[in-house]
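The values are calculated or read from the model by the stated rules, or taken from the named source; none is laboratory data. Here the structure is a predicted model, which means the values were calculated and not measured. Glycine also receives a Cβ, built like all others from the backbone with ideal geometry; neighbour counts cover every protein chain displayed. When the accessible area is computed, the model is the full protein with side chains, heavy atoms only, and any ligands, DNA or RNA have been set aside. Shrake-Rupley method; radii C 1.70, N 1.55, O 1.52, S 1.80 Å.
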Amino acid sequence: MMQAMFNQKGATFSVDIVADPAAREFIEAHTATLDESFSKVDMSEKMRRRLSRSNYIFSGMKTFHELHEAFPSMFDENGNRKSFERFLKDVRSIDQTYNVNYLRAEYNFVNASARAAAKWESFAEDGDRYNLQYRTQSDDKVRPEHAALNRVTLPPSDPFWEEFYVPNGWNCRCSVVQVLKSRYPTTPHDEAMRLGETALQRDTKGIFRFNPGKQEKAIPDYNPYTIRRCRDCDIAQGDSGKLAASIPDSELCQACYLVRVCERNRSETITHGKGSIEISYLVNRTDSDFERLLSVARHFAAGGARVVLTPKMTRPATFEYYCIYGSLRGTRYDGKCPDLKIDNYWYEHEGFTTNNPKRAFNNMMNHGLKQSSRLIIDCPELTDRFMLRSIQNRINLGIHIDEVWLREKTGSVRLLYKKTDG
């Protein structure tokens with residue numbers, strides 16, 4: 001990620017870096033680490049997806065701060081760009097601070113939030129049939145201000161739980177449990193709110209006043225990497241389209257929007273054979289060629305490849321496009337939307353239906369090569385010799401072709417042509 005930022009030209013920090021493939025890979029890795037904290041917690045898939053989404057946005061904003069903090073280190077005291085080796089050495093401390101020291105507390109917080117969110121799901125099923133009771137660990141490690149909340153008992157519908165549900169701080173170990181209404185007296189609402197204010201008196205910014213179960217977020221919108229305004233922002237509340245055309249000039253707001261666009265363009269990952277298949281959430285699974293594309297993906301994934309199925313995008317926003325096709329930036333295919341990425345290479349799949357096999361082959365080659373130099377085509381009823389001669393004729397005309405694969409009617413895939421050094 002630091003190499004990607006170092007490669008950018010100019011002496012001004014560019015917010016666009018958060019949409020760079022290297023930055024997004026870093027954000028995904030950080031998100032996966034946070035997601036792992038609740039991988040074994042029992043909850044609905046909807047809640048799991050929402051919490052993971054929250055983790056991604058949090059990781060993205062954290063990454064923005066890391067990059068922003070690291071950027072000045074690229075230049076020496078005279079304003080000259082350092083060598084990459086010297087720059088990387090100088091920013092190692094940032095990595096230690098953010099991705100070791102801070103990450104420990106963040107991991108524990110997300111774990112506590114996820115467990116609390118899962119509990120809230122089960123509490124919601126019972127409505128106000130039971131009361132909820134706040135409990136501490138009752139040991140010498142409990143913070144005095146949290147101890148004040150111990151045994152506060154209220155129905156789930158009480159507004160108290162919107163602000164003072166667990167966790168109530170970094171490394172908070174408190175919990176909330178269901179109790180029989182007949183067993184414990186209900187705490188007066190005003191008294192509970194006063195105790196809550198006491199418990200969070202050190203949280204002067206109000207960062208921890210949220211309910212992960214109700215908001216379906218592992219980390220609140222207002223956190224150490226955002227600002228207070230984020231709690232009321234339409235984009236933070238899910239309305240990303242409302243402000244898309246008028247993002248404030250603030251670098252943080254611009255970064256937030258880009259991170260959320262990238263999150264929307266994430267993929268579902270399916271393990272297959274020795275490899276994996278990632279399907280962008282924007283891929284239209286009802287398209288006529290989706291199943292054929294999926295069969296191609298299975299073929300390569302079975303052998304250990306990482307295959308990514310990508311969507312067609314009509315005049316997308318630049319950053320949204322680069323969230324998916326960022327590695328095409330600066331190439332002859334910049335702006336194109338090839339169908340899939342196999343390991344580090346882009347491929348286009350073509351399948352034409354016609355009674356004329358030669359015309360079908362020519363159409364598939366002509367259309368496909370506009371998207372990528374690597375093609376996978378539905379095999380027409382032609383001899384390999386004819387198709388190879390047609391490929392060579394194109395190469396003789398200066399058309400760049402790296403690979404051509406054939407997808408047989410049986411679904412199997414075989415290599416027809418591959419460019420060699422000779």
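Within the range 196-211, track down each residue that is within 18 Å of PRO159 (Cα to Cα) and in contact with a helix residue (DSSP H, G or I) (Cβ under 8 Å, 6 or more places away or on another chain).
Within the range 196-211, GLY196, THR198, ALA199, LEU200, GLY206, ARG209, PHE210, ASN211 qualify.
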statement: Expected single match for modelled with pLDDT under 90 and assigned to a loop (DSSP other than H, G, I, E, B) among ARG229, ARG202, ARG183 is ARG202
task: Give the number of residues within the range 187-206 that are open to solvent by 80 Å² or more (accessible area, probe 1.4 Å) and touching a residue at least 40 places away in the same chain (Cβ under 8 Å).
output: 2
- prompt: If we keep just the residues of the range 279-291 that are of a type outside the set (Gly, Ala, Ser) and open to solvent by 80 Å² or more (accessible area, probe 1.4 Å), which is farthest from ALA305 (Cα to Cα)?
  reply: THR286
query: Looking at the range 252-278, which of the residues that are crowded, with 19+ Cβ neighbours inside 10 Å and assigned to a loop (DSSP other than H, G, I, E, B) is modelled with the lowest pLDDT?
result: ASN265
query: Does the range 137-153 hold any residues that are among the charged types (D, E, K, R) and either open to solvent by less than 50 Å² (accessible area, probe 1.4 Å) or in contact (Cβ under 8 Å) with a residue 12 or more places away in the chain (or both), and which are they?
result: LYS141, ARG143, GLU145, ARG151
- prompt: Does the range 35-50 include one or more residues that are touching a His at 6+ places or on another chain (Cβ under 9 Å), hydrophobic (A, V, I, L, M, F, W, C) and under 24 Å from PHE210 (Cα atoms)?
  reply: no
- prompt: Quick check, is ASP249 assigned to a loop (DSSP other than H, G, I, E, B), open to solvent by less than 70 Å² (accessible area, probe 1.4 Å) and acidic (Asp, Glu)?
  reply: no
query: Of all residues in the range 33-62, which are surrounded by fewer than 21 Cβ atoms within 10 Å (Cβ to Cβ) and not in a helix (DSSP H, G or I)?
result: SER39, LYS40, VAL41, ASP42, MET43, SER44
field: Counted residues, the range 82-112 - those being β-branched (Val, Ile, Thr), more than 29 Å from GLY213 (Cα to Cα) and either open to solvent by 80 Å² or more (accessible area, probe 1.4 Å) or in contact (Cβ under 8 Å) with a residue 12 or more places away in the chain (or both)
entry: 2
